[in-house]
Amino acid sequence: MRKKIIAANWKMNMTQGESDSFLETFLLEIGDEKRVDIVLVPPFTALARVSDGLSKVQNIKLGAQNMHWEKSGAFTGEISAEMLRELFVRFVVLGHSERRSLFGETDEIVNKKTKAALEASLKPIVCIGETLAERDGGQVEQVLERQLRGSLAGLSPQQLDDTVIAYEPVWAIGTGRTASPAQAQEAHAFIRGILAAMSDNATAEKIRIQYGGSVKPANTAELLGQADIDGALVGGASLDPRGFTEIIKQACTLLG
Ligand code: 13P
């Protein structure tokens, strides 16, 4: 059984003060829930603060939204894996569609970052997903296969096992328009098939594939109830500590 993983991608939201308020409510609400993996992904400027806030709890992990693939050097504005590790960051979101479309990240760049993250013992959450034009043009499978093979090129089965995939259809991000459970399941099953072709069936069965795109409490259970949907990468709805708690509780109801 793959353990479900629910992550809060705060994007460019949450000052340190706002992170404090979030944690104050969230830690009370969530208690010691550990039936699913829980990850908070603040902006860089709030990482240290949230890391401190989580220092006494075991069940909530810290993630970052991006990193550079080099270890150090003249890369103004960038952050290395080691800098993240120092703050007890465990996960790093890579190749989010906003990074791909607004900041020119290619599969090749995502691949370099993924390898660097794994070498530094960070678990990458590698994002893939088609645009609406690509879906309407019947190119979903082609796009997903290209992004997977490009972003994960050269990874060993063990490294693939340490990687989380996030399927985030671009047309569902921040739009309120969620993929139907059937649409999402179809994409997730296809992704798992490609992962099997890139490694082997046993490895592909272990890799967790999150869904992202307008996840909210009301649609969590039906999405995460699908056979190949192993969690959620939540944007907007993760900014509210009670709403995010409810998403986690909904995921847990599936576990009986
Ligand atoms: P929303 O949940 O706001 O649609 O964002 C999804 C996302 O991009 C998470 O990484």
I'm trying to understand the selection: among the residues of segment 82-99, which are open to solvent by 10 Å² or more (accessible area, probe 1.4 Å) and away from the ligand (no atom under 16 Å from the Cβ)? GLU82, MET83, ARG85, GLU86, LEU87, PHE88, ARG90
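Every residue, every condition in (1) touching an Asp or Glu at 6+ places or on another chain (Cβ under 7 Å); (2) surrounded by 15 or more Cβ atoms within 10 Å (Cβ to Cβ); (3) closer than 29 Å to GLN147 by Cα, yes or no:
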site: GLY17; (1), (2), (3): no, no, no
site: GLU24; (1), (2), (3): no, no, no
site: LEU27; (1), (2), (3): no, yes, no
site: VAL41; (1), (2), (3): no, yes, yes
site: GLN58; (1), (2), (3): no, no, no
site: GLU70; (1), (2), (3): no, no, yes
site: VAL110; (1), (2), (3): no, yes, yes
Please go through segment 197-220 and give me each residue that is open to solvent by 30 Å² or more (accessible area, probe 1.4 Å), of a type in the set (Gly, Ala, Ser) and in a helix (DSSP H, G or I), ordered by number. ALA197, ALA202, ALA218
Pairs where the first residue, in segment 196-213, is among the β-branched types (Val, Ile, Thr) and the second is assigned to a strand (DSSP E or B) and surrounded by 20 or more Cβ atoms within 10 Å (Cβ to Cβ), C-beta under 7 Å, 6+ apart: ILE207/ILE165; ILE209/ILE165; ILE209/TYR167
Pairing a residue in segment 237-250 that is more than 11 Å from VAL215 (Cα to Cα) and touching a residue at least 12 places away in the same chain (Cβ under 8 Å) with any residue that is within 11 Å of the ligand (Cβ to nearest atom) and open to solvent by 10 Å² or more (accessible area, probe 1.4 Å), where Cβ atoms lie under 7 Å and the two sit 6 or more apart in sequence or on different chains, gives LEU239/ASN13
Residues to consider are ALA184, ALA232, ALA251; find the one that is modelled with pLDDT of 95 or more, open to solvent by less than 10 Å² (accessible area, probe 1.4 Å) and assigned to a strand (DSSP E or B). ALA232
Could you tell me which numbered condition LEU102 fails, if it satisfies all but one of (1) open to solvent by 10 Å² or more (accessible area, probe 1.4 Å); (2) among the hydrophobic types (A, V, I, L, M, F, W, C); (3) more than 20 Å from GLY129 (Cβ to Cβ)? (3)
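The values are calculated or read from the model by the stated rules, or taken from the named source; none is laboratory data. Every value quoted in this text rests on a predicted model; they were computed, and no experiment measured them. All Cβ positions, glycine included, derive from the backbone under ideal geometry; neighbour counts span all protein chains shown. Heavy atoms of the whole protein, side chains included, go into the accessibility calculation; ligands, DNA and RNA do not. Shrake-Rupley method; radii C 1.70, N 1.55, O 1.52, S 1.80 Å.
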